Amino acid sequence: MDNDSVATAYTTVDGDFVHELEIKRSRFITYLRRVESEVDARALVAELRKKHFDARHHCSAFILGADRMAMRSNDDGEPSGTAGIPMLDALAKRETDAGRTDLSDVSAVVVRYFGGILLGAGGLVRAYSESVSSALDAAPLLRRERMRILGLDADHTAAGRLENDLRSAGVQVLGTDYGPSLATLRVALNDDAAILAAFHDRLATLTAGASNAENLGIEWVDVR
C-alpha cells in the first residue's frame, strides 16, 4: 500500500467473524479475518488447524492489498477446484451496498466436518461458495481510504471543544495527543484541494485563526 498505488479506497472486514452452515449433515464453519499480509492469512489457517484438529478440511482463500494483486486459495484435500476457488470467487466478486467489488485484506477459512453424505463436485462448489457468501452477508464491513492527515495544535482547555466541533461538522478525528503545553488533534480528510481549502476556512472560523493545520502526509484510514 505505497503512495504509488492506483487504488484510493477499498472495502475490508471489520475484525474477525464466524458463521456456520449445515449442508447434508456436514458442518461448514466459515472464519473471516482482516489481514495485512500472507503471513497473517496463513497464521489463521494454522490457528484453526489446532482449534479444529478433528475436522476433515480447512480450506482457505485470501485477497491482499488495495489493488488486490495477491489472491490465493487452497482446497486442503477436497477435489481440485471445489473449495478454494469458489471461496476466492465469493470474496473477489462480493458487491458492497454501493455496488463495488473491491473487498481486500481479508482471509476466509472454511472448516468442514464431514457428515457422511457425499456432496459431489457441484455440491461442494455450491457449499463452499455459499458458506463464504453467507458469512459476508452477516459480517461487519468497513471502507479504507487514502486520506490527507493534518495535525492541529490547540490549548488543552480548547482541545475538547474543537474536537467536538470538528466531529459535528463531519470531520474524521483520529485522536488527540496531549503534550506538556499543547494538545495536537489528528484529522483525516479526502485529499482534494477544494475539501482541504474548505477545512482550513472552517478551522479559522472555529478557532478565530488561533490554530493552523500541519500536513502530516497520506495514510490509509478506516472509515466506519
Restricting the search to segment 172-206, which residues are assigned to a strand (DSSP E or B) and over 26 Å from ALA9 (Cα atoms)? ASP177, TYR178, ALA183, THR184
Mind counting the residues in segment 76-86 that are β-branched (Val, Ile, Thr) and either surrounded by fewer than 21 Cβ atoms within 10 Å (Cβ to Cβ) or not in a loop (DSSP other than H, G, I, E, B) (or both)? 1
Cβ-Cβ below 7 Å, separation at least six or inter-chain, first residue in segment 63-79 and β-branched (Val, Ile, Thr), second not in a strand (DSSP E or B): which pairs? ILE63/LEU91; ILE63/ALA92; ILE63/SER104
Is there any pair with a first residue in segment 207-220 that is on the phi > 0 side of the Ramachandran plot and a second that is of a type in the set (A, V, I, L, M) and part of a strand (DSSP E or B) whose Cβ atoms are under 8 Å apart and which are 6 or more apart or on different chains, and what are they? GLY217/ILE149
Just to verify a result, which residue in segment 43-71, among those that are of a type outside the set (Gly, Ala, Ser) and in a strand (DSSP E or B), is farthest from PRO86 (Cα to Cα)? LEU64
Please go through segment 127-171 and give me each residue that is free of Cβ contacts under 8 Å to residues at least 40 places away in the same chain and either part of a helix (DSSP H, G or I) or within 23 Å of ARG56 (Cβ to Cβ) (or both), ordered by number. ASP137, HIS156, THR157, ALA159, GLY160, ARG161, GLU163, ASN164, ARG167, SER168
Of all residues in segment 87-126, count the ones that are within 27 Å of PHE53 (Cβ to Cβ), outside any helix (DSSP H, G or I) and not small (Gly, Ala, Ser). 10
Name the pairs whose Cβ atoms lie under 8 Å apart, with the first residue in segment 193-206 and under 16 Å from LEU152 (Cβ atoms), the second part of a helix (DSSP H, G or I) and modelled with pLDDT of 90 or more, and 6 or more positions between them or separate chains? LEU206/LEU162; LEU206/ASP165; LEU206/LEU166
How many residues are hydrophobic (A, V, I, L, M, F, W, C), more than 25 Å from the chain's Cα centre (by Cα) and closer than 14 Å to HIS57 by Cα if we restrict to segment 82-117? 1
Of residues in segment 114-152 being among the hydroxyl-bearing types (Ser, Thr, Tyr) and in contact with a Leu (Cβ under 7 Å, 6 or more places away or on another chain), the one nearest to ALA98 (Cα to Cα): SER134
Taking segment 171-194 and keeping residues closer than 29 Å to ALA7 by Cβ and either assigned by TED's automatic domain parsing to the domain that holds ASP14 or loosely packed, with under 14 Cβ neighbours inside 10 Å (or both) leaves GLY175, ASP192, ALA193, ALA194
Answer yes or no as to whether ARG56 is at positive phi and touching a residue at least 24 places away in the same chain (Cβ under 8 Å). no
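The values are calculated or read from the model by the stated rules, or taken from the named source; none is laboratory data. As the structure is a computational prediction, the values presented were derived from the model and not from experiment. We place every Cβ from the backbone using ideal geometry, glycine too, and count neighbours over all the protein chains shown.
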